[in-house]
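K.L.:
If you scroll down you'll find the structure; I have some questions about it.
The values are calculated or read from the model by the stated rules, or taken from the named source; none is laboratory data. Please read all numbers here as calculations on a predicted model, not as lab measurements. Positions of Cβ are generated from backbone atoms using ideal geometry, with glycine treated the same way; all protein chains shown enter the neighbour counts. Protein only, heavy atoms only, side chains kept; ligands, DNA and RNA dropped before computing areas. Shrake-Rupley method; radii C 1.70, N 1.55, O 1.52, S 1.80 Å.
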Amino acid sequence: MNPKLKAYIPMADMLAETFGDECEVVLHDIADPEHSVVYVANGTVTGRKIGQGFEHFVKTAITQGAEEDFVANDFFQKNGRLIRTSSALIRDDDGRLIGALCINLDMTHTQQQIAYLQGFMPKPKPPATKNEGKGKRVEEMVMALVDNILAGCDVTALSREERIEKIRFMDSRGIFQLKGSIDQVAERLGINRVTVYSYLDEVRGKR
């Protein structure tokens, strides 16, 4: 674990204890994206464990087009539960992205209570869809993650199967939802964008 991230462990414990059993706090070290989880406070919400990789905070950042070093109040389903997630990006003294602190709140009971109360109320109008631009910070964050995924390996020596596994991991984490990510990944792998698309088709079962 990056020593600078250790200072966030008490914060993780404090947040989990403050919000109770339905709150899980996960600390990530992105130096090893495939095993980025370095600390978990109350892992009963989604079952997150040390040594696992990041899952949702990249997709949330891309969806929200974060201009700041945090993304807030995204939702996903896990094991039949509705989870609200927020993430704060952590940088070192030089401004380099080194980690993230993520809060996962189990909203299942709240959702059930809201559904019950709404039975007594007029139907609400559907919320307006927001289409926010994807900020430069999101692109910077995703490309930093790509660099870390490929760190420590000679991309020119990777076999076809090894390249496909790297593409599979990036795709499962939402990397390719970002505009321009195909070109960036192709450049870093030393292949052309057509090959990246071919690998993506393969990992997504289209071939």
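K.L.:
Against the conditions (1) under 13 Å from LEU145 (Cα atoms); (2) in contact (Cβ under 8 Å) with a residue 40 or more places away in the chain, where does VAL26 fall short? Just the number, please.
P.N.:
Every listed condition holds for VAL26 apart from (1).
K.L.:
Separate question: Quick one: would you say VAL45 is within 12 Å of CYS102 (Cβ to Cβ), in a strand (DSSP E or B) and touching a helix residue (DSSP H, G or I) at 6+ places or on another chain (Cβ under 8 Å)?
P.N.:
Against the criterion (within 12 Å of CYS102 (Cβ to Cβ), in a strand (DSSP E or B) and touching a helix residue (DSSP H, G or I) at 6+ places or on another chain (Cβ under 8 Å)), VAL45 does not qualify.
K.L.:
Please tell me if GLU68 is within 25 Å of LYS136 (Cα to Cα) and part of a loop (DSSP other than H, G, I, E, B).
P.N.:
So GLU68 passes the test.
K.L.:
Would you call THR85 surrounded by 13 or more Cβ atoms within 10 Å (Cβ to Cβ), at pLDDT below 85 and within 13 Å of the chain's Cα centre (by Cα)?
P.N.:
No, not satisfied.
K.L.:
Still on this structure, I have one more. Where in region 97-207 are there helices (runs of 4 or more DSSP H), lying fully within it, with 1 or more residues that are over 30 Å from ILE50 (Cα atoms) and modelled with pLDDT of 90 or more?
P.N.:
Those helices (runs of 4 or more DSSP H) span 181-189, 193-203.
K.L.:
Also: For region 181-199, which positions are open to solvent by less than 90 Å² (accessible area, probe 1.4 Å), over 19 Å from ARG137 (Cα atoms) and of a type in the set (A, V, I, L, M)?
P.N.:
Hits for region 181-199 are ALA186, LEU189, ILE191, VAL196.
K.L.:
Please state which one of ARG173, ARG168 is within 20 Å of CYS153 (Cβ to Cβ) and surrounded by fewer than 18 Cβ atoms within 10 Å (Cβ to Cβ).
P.N.:
Residue meeting the stated conditions: ARG168.
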